[in-house]
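Student: Before I ask anything, let me first share the structure, which is written out below as structure tokens.
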Amino acid sequence: MGRPDPEEGQLPAPVKPPDGGWGWIVLLGCFVITGFSYAFPKAVSVYFKELMKDFHVGYSDTAWISSIMLAMLYGTGPVCSIMVNQFGCRPVMLIGGLLASAGMILASFTTNIIELYLTAGVLTGLGMALNFQPSLIMLGTYFDKRRPLANGLAAAGSPVFLSSLSPLGQVLLEKFGWRGGFLIMGGLLLNCCTCGAVMRPLDMGMKRKMGKAQDKYEAKEMLPIGGKSEEGISTTDGTKKGKKAKKKPKKGKKLLDFSIFSNRGFIIYTISKFILVLGLFVPPILLVNYAKDTGVPDTEAAFLLSIIGFIDIFARPACGMVAGLKWVRPHVAYLFSFSMLFNGLTDICSARASNYTGLVIFCVFFGISYGMVGALQFEVLMAIVGSQKFSSAIGLVLLIEAFAVLIGPPSAGRLVDALKNYEVIFYLAGSEVVLSALFLGVASYCCLNRGKKEPPPENNPTAGAGSDTEEAESDVQEAEEHSSDNHQPAHSTDSAVVVASEEANHVAEEQRGEGGGCPAGDGEVLARDGCNADQMVERDSF
């Protein structure tokens with residue numbers, strides 16, 4: 001018989017990520033969004049000297065523009081999560097692209113530094129935040145087996161755009177001034193709307209392809225071959241419309257799911273990321289001034305950042321490929337811990353570098369380790385919470401990271417002003433990164449050992465157990481209500497329910513015989529008398 005129709009009260013079939021196809025277009029859009037989100041606040045710094053002359057302010061005053069952009073990118077995470085859960089990714093990204101572009105266009109007409117804070121800082125930062133987070137959610141929706149590689153390729157947008165936007169900004173500044181440069185930059189940010197437009201919901205696309213074909217197939221199977229087939233198709237459509245009218249509304253989706261804090265793996269990840277961000281961004285921020293203080297010429301000192309960016313471009317996709325290997329992916333949390341340890345030890349070992357050659361060696365190793373961290377950070381989070389809860393998880397994580405961003409680099413700058421010694425700062429930053437790596441590795445190992453004593457977790461890392469269980473139970477209840485209300489159901493529907501129940505119970509009996517306890521699966525289909533939500537194992541480990 002035909003596949004059970006979700007709209008007729010049956011359990012909806014899970015939509016598997018295609019790991020390709022339109023997903024590559026989504027990956028390209030995510031690459032562009034990631035590049036704008038991380039590189040744009042740094043690329044704007046080329047206009048700071050002109051802004052200081054026109055508005056008669058200091059460097060610290062103009063530097064607040066980039067700081068506000070980053071604060072909006074990180075601090076508005078929960079707001080983005082709520083909007084995505086309420087309206088979906090594509091509408092939110094379209095609005096974000098318009099806001100980001102409008103902020104830079106309005107900034108080109110400002111007359112004081114406060115107006116720049118509100119336009120280029122708040123408005124553009126909010127727009128980029130509304131693009132960045134949904135793009136990562138869509139990437140996790142379209143990729144599963146190739147998700148580590150996809151995350152690595154998308155993360156490579158940051159160094160690529162940084163190496164291109166900064167020279168472009170300098171050219172625009174020389175030819176059109178800072179106002180013309182801001183105006184053109186605002187036009188470039190409209191590309192975020194294009195990227196948002198290609199973020200097609202995966203389940204919607206699959207339903208459109210299979211809906212009509214499935215209806216005709218079921219009608220032809222139920223009726224004898226002859227002139228009544230067309231009549232049967234129309235009768236089936238009418239029956240579905242009547243059932244849609246009787247169907248009760250589903251339970252609304254949570255705008256922000258705080259239940260992820262009951263996941264031990266998420267707690268471990270959040271704490272380690274907070275400690276990591278305290279020291280991760282300090283070395284690249286202070287590197288140029290550190291090189292100048294050791295006697296390196298200005299042009300050569302600025303070239304050090306280009307070395308980091310160039311290495312970073314290749315390190316992120318390469319690390320994504322390694323993380324996608326069969327024998328590496330189950331232990332991706334330890335690879336992430338190793339990358340943080342590598343980065344922290346690089347900071348500590350470079351603290352005594354006193355010549356240009358030593359600084360170049362530091363930049364090479366820092367670029368490799370920094371790229372590894374950038375490629376793995378969101379892949380690990382997706383593996384912990386699953387795609388169903390990722391929208392809420394990333395919003396809360398970014399909010400917590402916002403406090404670390406506001407604490408780490410400013411505190412390092414104040415210590416430099418007080419101690420006049422960069423060596424201590426590099427030791428401190430490296431120690432914080434090493435501490436985060438050790439915490440993640442040790443805590444993950446203890447959590448995994450504890451999890452081995454419990455029934456095995458779900459096989460599919462991209463599905464959230466709690467939300468899928470609730471949804472499946474609600475669908476079972478709806479199916480029973482429809483079967484009791486409808487006195488003349490179609491023969492194919494009844495037989496499909498019986499077959500589905502017998503198969504689910506048969507699988508459950510086999511797994512009980514093997515000592516498996518609850519049937520392990522994707523959390524999408526549950527036996528009627530099998531495991532309930534309380535028996536499902538939460539994804540507490542990596």
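Read the figures in this text as sums done on the coordinates, not as results from a lab. Remember, it's a predicted structure, so these values are computed and weren't measured experimentally. Heads up, the Cβs are rebuilt from the backbone with ideal geometry, glycines too, and the neighbour counts pull from every protein chain shown.
Student: Expressed as a whole number of Å, what is the distance separating the alpha-carbon centroids of segment 32-98 and segment 112-191?
Tutor: 8
Student: OK, next. Residue-wise, which Karplus ³J(HN,Hα) couplings in Hz belong to segment 50-56, taking 6.51 cos²θ - 1.76 cosθ + 1.60, θ = phi - 60°, and x for glycine or proline?
Tutor: 5, 5, 5, 6, 6, 9, 6
Student: What ranking, highest mean first, results for peptides 152-158, 304-310 when packing means the other Cβ atoms within 10 Å averaged over each residue?
Tutor: For the peptides 152-158, 304-310, the packing ranking is 152-158, 304-310.
Student: Given axes a ≥ b ≥ c from the Cα gyration tensor, I'd like to know whether segment 70-187 is rounded (a/c under 1.5), prolate (a/b larger than b/c) or oblate.
Tutor: In terms of gyration-tensor shape, oblate.
Student: For the ranges 29-38, 333-342, 413-422, what's the packing order if you count other beta-carbon atoms within 10 Å of each residue, average per peptide, and put the highest first?
Tutor: Ranked from most to least packed, the peptides come out as 29-38, 333-342, 413-422.
Student: HN-Hα J couplings of segment 388-404 from phi, Karplus 6.51/-1.76/1.60, θ = phi - 60°, integer Hz, Gly and Pro as x?
Tutor: Using θ = phi - 60°, the values come out as 5, 9, 5, 4, 6, 5, 5, x, 5, 5, 5, 5, 5, 5, 4, 5, 5 Hz.
Student: Once both labels are modelled 7 Å past Cα along the beta-carbon direction, what's the S354-L190 spacing in nm?
Tutor: According to this spin-label approximation, the distance is 5.6 nm.
Student: Quick one: 3J(HN,Hα) in Hz for segment 175-189, Karplus 6.51/-1.76/1.60 with θ = phi - 60°, rounded, Gly and Pro as x.
Tutor: Once rounded to whole Hz, the list reads 8, 10, x, 6, 5, x, x, 4, 5, 5, 4, x, x, 5, 5.
Student: Volume per residue, Å³, of the convex hull around the alpha-carbon atoms of segment 257-450?
Tutor: Spelled out: Cα convex hull of segment 257-450, divided by residues, is 115 Å³.
Student: Could I ask something else about it? If packing is taken as the average count of other Cβ atoms within 10 Å, what order do 264-272, 186-194 fall into, highest mean first?
Tutor: 264-272, 186-194
Student: Let me ask something else. Please give the contour-minus-distance gain from L419 to F314: 0.36 nm per residue of separation, less the Cα-Cα distance, rounded to one decimal in nm.
Tutor: Roughly 34.2 nm would be gained on extension.
Student: Please compute the Cα-Cα pair-distance distribution of segment 16-222 with 5 Å bins starting at 0, giving whole percents from short to long.
Tutor: 1, 8, 14, 18, 17, 12, 9, 7, 5, 3, 2, 1, 1, 1, 0, 0, 0
Student: Can you give the FRET efficiency to the nearest 0.05 for V57 and Y427, using r as the Cβ-Cβ distance and R₀ = 35 Å?
Tutor: 0.55
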